[in-house]
Amino acid sequence: MPGGADRPAAGAARTAWSVPAALGVIAGVLLALGVTLGFGGNGALSLAGLGALLGALAWRDPRRALLLALAGAGVGAGFLSARTVLTRPDPMTPWLGAQVTLRGEWDGQFLTLAEPRARVVVAPKPTQGPGALTVAGRLIAPEGRRTPGGFDQAAWLRSQGGLFVPTPGAVLVAAQVRAHEPERGLRGWFRRGLSAGLDERRAALMQAIELGDRSDITREEFAAGYSVRDAFTRAGLAHLMALSGQNVALITGVLVWLMIRAGASPGWRFGVPAALLAPYLLLLVQPSPSITRAVIMGGVVLVALAVGRGRPDPLGLIALAALLCLLLFPLWLLDLGFVLSFLAVLALTGSARLAGRLPARWPYALRLAVAATVLAELGTLPVIAGTFGQVPLVGLPANLVAGVIMAALVPLGFLAGLLGPLAAPLNLINGPLASALLLVAQTFGQAPVLTWGVIGPGGMLAFVTAAGAGWLWLLGRAPGRAVLGAALAGTLITALPGWVRPAQDIVFLDVGQGDSTLLRLPGLTVLIDAGGSVGSDYDVGGRTVVPALRALGVRKLDVVIATHADTDHIEGVSGVLRALPVGELWIGQRKTDDPVLTAVLNEAQGRGVPVREVRRGDLVQAGRAALTVLWPPATPGVPRTTTTASPCAWTWATGAPRSWATCPPTPRRP
């Protein structure tokens with residue numbers, strides 16, 4: 001067991017063998033990525049950090065030579081594994097650009113072909129559930145990141161390949177389903193049990209919670225423009241729909257309890273659940289970073305308890321899970337789920353210490369739950385903020401409430417899956433539990449979020465410094481005021497550049513067909529159009545423009561301009577209005593019979609955003625720069641208006657409605 005066999009010698013610190021081996025594998029994968037993908041700068045920085053960490057561990061341990069040898073072996077193994085995956089040709093490459101008809105197994109995310117052995121992305125995603133699928137379309141290469149904060153499909157697909165799993169390397173676009181057969185076997189039986197007697201929304205939630213299949217839940221909405229998945233994200237509950245240690249702990253915990261009640265010996269009590277974890281992963285839920293890590297860690301703990309070795313060293317156990325995951329799936333190192341999963345579990349190692357510092361009058365279970373939630377959120381904070389551009393502010397209460405529901409829903413849902421179509425009576429209990437979880441997400445998902453931008457090296461350094469101070473506080477080696485000081489100093493240092501030198505630029509966002517332009521001046525931020533997707537339900541505003549704005553650090557918009565009522569220009573404005581505070585919405589000619597413009601105006605009215613119909617000569621001025629309207633022509637006899645921007649806010653001329661600004665009006669007559 002990692003760390004189990006390494007009993008500390010008197011006066012000497014001991015490091016589990018898996019720690020240097022895992023660090024070596026990470027270094028090897030980074031080396032392979034640096035050579036083939038041009039990540040040299042970031043790779044060099046990461047390698048330097050890993051080397052420093054390994055040096056610190058070796059310096060404290062008397063077995064320095066052994067640790068360095070393990071690290072060296074890990075470097076070679078990681079490099080070889082990554083190179084094998086990176087250099088393996090994709091069998092679909094010769095058909096790129098061609099119209100093809102493919103038949104394979106659809107799992108809700110990829111279409112897996114038997115001949116040639118390959119995996120393909122299907123766009124748009126079929127509405128049919130998993131099963132045998134025949135689909136026609138055109139094969140193209142995946143796209144990289146086109147806008148700041150955008151989704152890098154090519155990099156993500158590259159990270160999904162493993163030593164024994166083909167890397168998805170092509171996208172089937174304009175896909176049309178020709179034939180579909182529902183999923184059979186264990187997964188088909190299990191899926192029917194999850195949905196027996198439930199409506200579509202609750203069945204989709206059960207499939208996400210128990211199987212990690214989010215293909216159906218992404219189509220569900222609480223209201224127009226307010227999706228179920230967005231609600232879970234804003235409430236800090238998105239991890240509930242990604243299989244992880246919570247599922248493994250709850251399911252194996254119930255099994256162990258049943259074995260104890262049956263009077264089984266420790267070998268059977270822990271051995272049976274351990275033996276069932278591999279079939280659970282491979283036959284039922286399928287490997288993903290978080291659930292694979294959880295199964296490895298849970299299996300090792302159960303085996304250790306079964307043979308009487310006790311609980312393994314937590315850090316050694318985490319390192320062993322990372323080691324095995326990256327040897328089998330080396331490019332998971334680039335996967336967001338892998339990073340978040342391991343950051344969260346590393347942070348959770350301090351749960352008991354933090355719980356011990358909370359008020360003793362609280363029940364220990366509550367203290368532990370609060371500590372675990374806070375540490376998991378803090379441990380993943382920079383990745384969540386920098387990737388999604390927002391940080392949930394209600395994650396703690398939302399997770400405490402949702403955790404109580406999940407404690408019952410996960411094991412009962414698993415039992416319903418095992419019962420298959422016979423699970424309808426049991427789902428009379430699961431249905432209300434699923435409804436309660438949806439209500440928690442819907443309620444907390446309406447709370448404000450803290451918007452963020454891309455986190456650079458300075459921000460990461462500030463976070464690591466504050467996190468280090470917090471860890472020393474947990475160990476009792478630093479006072480609480482040191483942690484507070486480090487956090488405040490880091491916040492000030494990272495915010496200072498934006499205050500001293502505010503952005504002054506024009507950014508043209510790639511929204512495909514159509515336009516979207518961001519204008520930033522001191523005291524004034526303007527978005528001109530927000531793209532649109534003609535003939536598609538893809539929300540360009542919410543899924544392309546808003547992530548780009550957040551990545552650029554835009555927290556509010558003084559003016560949003562909808563130039564004219566064409567779908568590819570203004571359809572995305574509705575998504576922007578839903579996501580960010582907006583001072584004014586400018587439009588040209590008001591068309592009463594245009595459904596896209598009507599939807600934008602209705603969204604503005606619902607959000608309390610003033611709408612102004614502008615004409616030639618209207619302008620907004622910020623310092624020495626001015627934005628002037630050139631079209632449509634001015635109406636004779638109607639005076640034009642001028643807006644003056646200031647560093648604190650901006651206001652309209654006398655007689656015009658006030659915006660959300662807090663500065664006193666500074667009227668100017670043209």
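A few remarks follow.
- Pairs where the first residue, in segment 140-159, is assigned to a loop (DSSP other than H, G, I, E, B) and the second is open to solvent by 30 Å² or more (accessible area, probe 1.4 Å) and of a type in the set (S, T, N, Q), C-beta under 7 Å, 6+ apart: P142/Q153; E143/Q153
- Only listed residue being touching a strand residue (DSSP E or B) at 6+ places or on another chain (Cβ under 6 Å), surrounded by 13 or more Cβ atoms within 10 Å (Cβ to Cβ) and at pLDDT 85 or above, chosen from A625, A604: A604
- Segment 228-271, residues that are farther than 17 Å from M406 by Cβ, in contact (Cβ under 8 Å) with a residue 24 or more places away in the chain and of a type in the set (G, A, S): G267, G271
- For segment 607-619, residues that are open to solvent by 50 Å² or more (accessible area, probe 1.4 Å) and not in a loop (DSSP other than H, G, I, E, B) total 3.
- Tally of residues being at pLDDT 95 or above and not in a helix (DSSP H, G or I) across segment 426-449: 1
- Residues of segment 185-239 satisfying the condition of being surrounded by fewer than 19 Cβ atoms within 10 Å (Cβ to Cβ), more than 25 Å from L111 (Cα to Cα) and of a type in the set (S, T, Y): Y226
- Any chance P421 is under 30 Å from E183 (Cα atoms) and at pLDDT below 95: yes
- Just one of the listed residues (V374, V370, V345, V300) is at pLDDT 90 or above, open to solvent by less than 30 Å² (accessible area, probe 1.4 Å) and over 27 Å from T15 (Cβ atoms), namely V370.
- In segment 281-297, residue most open to solvent (accessible area, probe 1.4 Å) [restricted to those that are among the polar types (S, T, N, Q) and in a loop (DSSP other than H, G, I, E, B)]: Q286
- Segment 512-554, residues that are closer than 24 Å to T628 by Cα and not aliphatic (A, V, I, L, M): G514, D515, S516, T517, R520, P522, G523, T525, D529, G531
- Qualifying residue in segment 133-148 (condition: open to solvent by less than 30 Å² (accessible area, probe 1.4 Å), out of contact with any Phe, Trp or Tyr (no Cβ under 8 Å at 6 or more places or on another chain) and closer than 22 Å to T544 by Cα): yes
- Restricting attention to segment 307-331, the residues that are open to solvent by 70 Å² or more (accessible area, probe 1.4 Å) and in a loop (DSSP other than H, G, I, E, B) total 3.
- Those residues of segment 164-180 which are open to solvent by 30 Å² or more (accessible area, probe 1.4 Å) and either of a type in the set (D, E) or not in a strand (DSSP E or B) (or both), in sequence order: F164, V165, T167
- Failed criterion for F270 (all others in (1) within 27 Å of G24 (Cα to Cα); (2) aromatic (F, W, Y); (3) open to solvent by 20 Å² or more (accessible area, probe 1.4 Å) hold): (1)
- Any hit, segment 483-494, residues being open to solvent by less than 40 Å² (accessible area, probe 1.4 Å), in a helix (DSSP H, G or I) and touching a Phe, Trp or Tyr at 6+ places or on another chain (Cβ under 6 Å): yes
- Residue in segment 408-420 that is over 18 Å from A242 (Cα atoms) and touching a Lys or Arg at 6+ places or on another chain (Cβ under 8 Å) present: yes
- Residue satisfying condition, being surrounded by 14 or more Cβ atoms within 10 Å (Cβ to Cβ), of a type in the set (G, A, S) and over 22 Å from A551 (Cα atoms), within set A503, A466: A466
- For segment 72-87, the condition of being part of a loop (DSSP other than H, G, I, E, B), crowded, with 18+ Cβ neighbours inside 10 Å and of a type outside the set (G, A, S) holds for none of the residues.
- V526 part of a loop (DSSP other than H, G, I, E, B) and hydrophobic (A, V, I, L, M, F, W, C): no
- Checking segment 539-546 against the condition returns a match, with at least one residue being surrounded by fewer than 17 Cβ atoms within 10 Å (Cβ to Cβ) and either without any contact (Cβ under 8 Å) to a residue 60 or more places away in the chain or under 30 Å from L378 (Cβ atoms) (or both).
- Being among the basic types (K, R) and open to solvent by less than 40 Å² (accessible area, probe 1.4 Å) is a property that R353 lacks.
- Count - residues of segment 426-442 that are open to solvent by 40 Å² or more (accessible area, probe 1.4 Å) and either small (G, A, S) or in contact (Cβ under 8 Å) with a residue 40 or more places away in the chain (or both): 3
- Candidate set: segment 562-585, residues that are free of Cβ contacts under 8 Å to residues at least 40 places away in the same chain and either open to solvent by less than 10 Å² (accessible area, probe 1.4 Å) or in a strand (DSSP E or B) (or both); chosen: the one nearest to V540 (Cα to Cα): L577
- Sole exception among (1) loosely packed, with under 14 Cβ neighbours inside 10 Å; (2) at positive phi; (3) not small (G, A, S) for D529, by number: (1)
The values are calculated or read from the model by the stated rules, or taken from the named source; none is laboratory data. What you see is a predicted model; the values in this text were computed from it and never measured. Glycine gets a Cβ as well: all are built from the backbone with ideal geometry, and neighbour counts include every protein chain shown. Side chains are part of the model used for accessible areas, which takes the heavy atoms of the whole protein and leaves out ligands, DNA and RNA. Shrake-Rupley method; radii C 1.70, N 1.55, O 1.52, S 1.80 Å.
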